[in-house]
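Reading through the structure tokens given below for one structure.
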Amino acid sequence: MNKRIENGLILICTVSLVATLGSLYFSQVRGYEPCTLCWYQRILMYPIVLISGIALFQKNARIALTTAVFATVGGSISLYHYGIQKLSILGDSAPSCGSVSCTGQYINYLGFITIPFLALVAFVIILITSLFIMKWQKESK
């Protein structure tokens, strides 16, 4: 396996693991109850840890398409969630998200870093890395 591809898989595995541990920290240690959109983002992030870890162990770069799909869907949800938190036009018309409001902001570092923003950054890194892995795969054939 190409060293760039292997490093890409390591990056995907690391970013998804940090995002997973971060979400567990916020809910289990800090006691922040996740809203419905947060749960959807978790549902899409958590499997990436397992998928990319197995792919790294097996040296299987074909998994990049799968991680790209998970990251695209998860990133879209994160972007929408961040939008309803930060844009009043979206937040005012946001549907009810269950017992915890999706417009609430447990953290707001520097005035723009919220939990959905952190998830969005992780999904974007995973998506870009997945796309590079697919490109490198084509080049090595």
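For residue 28, are the conditions met, namely being touching a residue at least 60 places away in the same chain (Cβ under 8 Å) and part of a helix (DSSP H, G or I)? Working first, answer last.
Details: touching a residue at least 60 places away in the same chain (Cβ under 8 Å): no; part of a helix (DSSP H, G or I): yes.
Considered against the rule, which asks whether it is touching a residue at least 60 places away in the same chain (Cβ under 8 Å) and part of a helix (DSSP H, G or I), residue 28 comes out as no.
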State whether the residues of the stretch 40-60 include one that is out of contact with any helix residue (DSSP H, G or I) (no Cβ under 6 Å at 6 or more places or on another chain) and of a type in the set (S, T, N, Q).
yes
request  = Evaluate the stretch 50-63: report whether one residue or more is out of contact with any His (no Cβ under 9 Å at 6 or more places or on another chain), under 19 Å from residue 131 (Cα atoms) and in contact (Cβ under 8 Å) with a residue 60 or more places away in the chain.
outcome  = yes
- request: Answer yes or no as to whether residue 127 is closer than 21 Å to residue 33 by Cα, under 12 Å from the mean Cα position of the chain (by Cα) and surrounded by 14 or more Cβ atoms within 10 Å (Cβ to Cβ).
  value: no
Among 44, 56, the single one that is within 30 Å of residue 140 (Cα to Cα), crowded, with 18+ Cβ neighbours inside 10 Å and under 15 Å from the mean Cα position of the chain (by Cα) is 44
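Readers should treat all values here as calculations from the given coordinates under stated rules, not as data from a laboratory. Keep in mind it's a predicted model, so treat the numbers as computed, not measured. Note that we place each Cβ from the backbone using ideal geometry, even for glycine, and neighbour counts take in every protein chain shown.
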